[in-house]
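Peer 1: Handing you this structure, nothing more for now.
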Amino acid sequence: MAVALITGASQGIGAAIAKRLAKDGFDVAINHSPKESSKEKALAVAEECKAFGVRAVCCAADVSKMADCEEMVKAVKEQLGSIDALVNNAGITIDKLLARMTEEDYDAVIAVNQKSIFNMLKNVCPVMMKQKHGRIVNITSVAGLYGNPGQVNYSASKAAIIGMTKTIAKEYGRKNITCNAVAPGFINTPMTEALSDEVKTKLLDNVALKRYGKPEEIAGVVSFLVSEDSSYVTGQVIEVSGGISM
Ligand code: NAP
């Protein structure tokens, strides 16, 4: 059975991806941050995944830390045998206009959103190379494509992910490893719950479909990108935004 490792999968988009890949038949490794509350949520996601008849394990790791990622990848290999698909989904926001943003705000977002991907790639790519097969999907954002006021840290981290995606696609294509990115628009998750109704309504002005997306609508595209149907797709950024920019 193929194995998928999804980072930041205790809630929101990551949890939806874990459940969708379990439904597709993947054994899933559900990464969650070391917080106790996150562990409980991840265990609940694992139970839902197991209902599809696959194996599901939870792995605590702060993906911004190389040592955590190294340990997690080792543990997943030991418990599930391989890593066929990696979905780099974990992410945070600390939104402020540049004038108010501190160096700590900037560094924290870069560490979790961007450095984490380097950490995961360093540990998972050698595993995929040995297997001579792999699918990597990085979750970026429309903020990385178009920018967004109040998100200079977040949009920098998400734009960097796009460069990393294309580079890994070129470096590892000959090893039968694909690497693509998905750029969500505004999706209903705990991350966007914090926005005021006024901001939420205003954001929809630019969305052709005039509604927020659902985490499952991101998971569906990830499902395609880790499947055999996408075997000739690599280095691409697929926007799933209800048509923010055309
Ligand atoms: P979310 O509900 O806040 O979920 C983020 C997940 O990442 C949580 O499970 C969180 O766990 C985990 N996480 C955070 N820091 C971590 C760390 N250091 N190590 C391991 N896990 C960590 O956010 P979401 O909306 O589902 O977003 C998922 C991804 O989609 C993110 O990369 C985000 O930038 C991207 N995205 C979201 C939207 C949107 O509109 N929602 C739009 C574009 C892109 P804890 O709660 O335990 O910290």
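Peer 1: Please name which of L204, I168, S245 has its Cα lying farthest along the dipole of segment 159-246 towards the positive end, using unit charges on Cβ (Lys, Arg +1; Asp, Glu -1) and the Cα centre as origin.
Peer 2: I168
Peer 1: Cut-off is 10 Å between beta-carbons; in what order do H133, H32 appear when sorted fewest neighbours first?
Peer 2: On the way: H133 15, H32 29.
So the ranking, lowest neighbour count to highest, is H133, H32.
Peer 1: Ok, one more. Quick one: putting +1 on the C-beta of Lys and Arg, -1 on the C-beta of Asp and Glu, what dipole do you get for segment 179-228 around its Cα centre, in Debye to the nearest 20? Don't skip to the answer; put the middle values down first.
Peer 2: Values: 5 positive and 7 negative charges, 27 e Å.
Result for segment 179-228 is approximately 120 debye, rounded to the nearest 20.
Peer 1: Relative contact order for the chain: what percent, with Cα pairs under 8 Å and sequence separation of 6 or more?
Peer 2: Numbers: 498 pairs, mean separation 47.8, N = 246.
Relative contact order, the chain: 19 percent.
Peer 1: Would you please classify the overall shape of the chain from the alpha carbon gyration tensor, given that a ≥ b ≥ c denote the square roots of the eigenvalues, rounded means a/c under 1.5, and beyond that prolate means a/b larger than b/c while oblate covers the rest?
Peer 2: Because its axes are fairly even, with a/c under 1.5, the chain counts as rounded.
Peer 1: Can you give the local net charge around I13? Use residues other than it whose beta-carbon is closer than 10 angstrom to its beta-carbon, Lys and Arg +1, Asp and Glu -1.
Peer 2: Net of charged neighbours comes to -1.
Peer 1: Compare the peptides 62-72, 224-234 by average per-residue count of other Cβ atoms within 10 angstrom and give them in order, highest first. Don't skip to the end; give the middle numbers.
Peer 2: Values: 62-72: 18.6, 224-234: 14.7.
The densest-packed peptide leads the list: 62-72, 224-234.
Peer 1: Oh, and also: Can you tell me how segment 77-190 classifies by the Cα gyration tensor, rounded, prolate or oblate, using a/c under 1.5 as the rounded cut? Each step should come with its number before you reach the end.
Peer 2: Numbers: a/c = 2.33, a/b = 2.09, b/c = 1.12.
Verdict is prolate for segment 77-190.
Peer 1: Calculate, in nm to one decimal, what E47 and K23 gain on full extension: separation in residues at 0.36 nm each, minus their alpha carbon distance. Mind showing how you got there, number by number?
Peer 2: Numbers: separation 24, 0.36 × 24 = 8.64 nm, distance 1.24 nm.
Roughly 7.4 nm would be gained on extension.
Peer 1: For segment 211-226, in order, what is each residue's ³J(HN,Hα) by Karplus, 6.51 cos²θ - 1.76 cosθ + 1.60 with θ = phi - 60°, in whole Hz (x at glycine and Pro)?
Peer 2: Residue by residue, segment 211-226 yields 7, 6, x, 9, x, 5, 6, 7, 4, x, 6, 4, 4, 4, 5, 9 Hz.
Peer 1: Next question. Ordered by packing density, taken as the mean number of other Cβ atoms within 10 Å over each peptide's residues, highest first, how do 195-201, 104-110, 169-175, 82-88 rank? Spell out each step's value before the answer.
Peer 2: On the way: 195-201: 10.7, 104-110: 16.4, 169-175: 14.0, 82-88: 25.6.
Order by mean packing, descending: 82-88, 104-110, 169-175, 195-201.
Peer 1: Okay, moving on. Taking the Cβ of S141 as the center, what net charge do the other residues with Cβ under 14 Å away carry, scoring Lys and Arg +1 and Asp and Glu -1? Let's see the in-between values first.
Peer 2: Values: positive: K158; negative: D95, E239.
Its environment carries a net charge of -1.
Peer 1: Please give the charge dipole size of the chain, origin at the Cα centre, charges +1 on K and R Cβ atoms and -1 on D and E Cβ atoms. Round to the nearest 20 debye.
Peer 2: 580 debye
Peer 1: Now a separate question. Tally Lys and Arg at +1 and Asp and Glu at -1 over the other residues with C-beta under 15 Å from the C-beta of K96: what net charge comes out? Spell out each step's value before the answer.
Peer 2: Values: positive: R100; negative: D95, E103, E104, D105, D107.
Once all neighbours under 15 Å are counted, the net charge is -4.
Peer 1: Also: If the label point is 7 Å along Cα→Cβ of K39, which residues in segment 6-32 have backbone nitrogen under 13 Å from it?
Peer 2: 32
Peer 1: As I understand it, the dipole of the chain uses +1 on the Cβ of Lys and Arg and -1 on the Cβ of Asp and Glu, about the Cα centre. Which of M129, A99, T189 lies farthest toward its positive end?
Peer 2: M129
Peer 1: Can you give the extra length, in nm with one decimal, that the chain gains between M246 and D229 once fully stretched, where that is 0.36 nm per residue apart less the Cα-Cα distance? Don't skip to the answer; put the middle values down first.
Peer 2: On the way: separation 17, 0.36 × 17 = 6.12 nm, distance 2.51 nm.
Going from the current span to full extension adds 3.6 nm.
Peer 1: May I ask you to derive the relative contact order of segment 1-146, considering only C-alpha pairs under 8 Å and at least 6 residues apart, and to give it as an integer percent?
Peer 2: Values: 251 pairs, mean separation 35.9, N = 146.
With pairs under 8 Å counted, the relative contact order is 25 percent.
Peer 1: Would you calculate the volume per residue, in Å³, of the smallest convex hull containing every Cα atom of segment 9-140?
Peer 2: Details: hull volume 14.0 nm³, N = 132.
Here the figure is 106 Å³ per residue.
Peer 1: Distance between the C-alpha centers of segment 55-77 and segment 108-145? Whole Å please.
Peer 2: So the two Cα centres are separated by 13 Å.
Peer 1: I would also like to ask the following. Counting each pair of different Cα atoms once, what's the Kirkwood radius of segment 152-246 in Å, rounded to one decimal? Write out the running numbers ahead of the final one.
Peer 2: Numbers: mean 1/r = 0.0676 Å⁻¹.
One decimal place: 14.8 Å for the Kirkwood radius.
Where a number appears in this text, it was derived from the coordinates with a stated rule and is not lab data. Only a predicted model underlies this, so the values are computations on that prediction, with no experimental measurement involved. We place every Cβ from the backbone using ideal geometry, glycine too, and count neighbours over all the protein chains shown.
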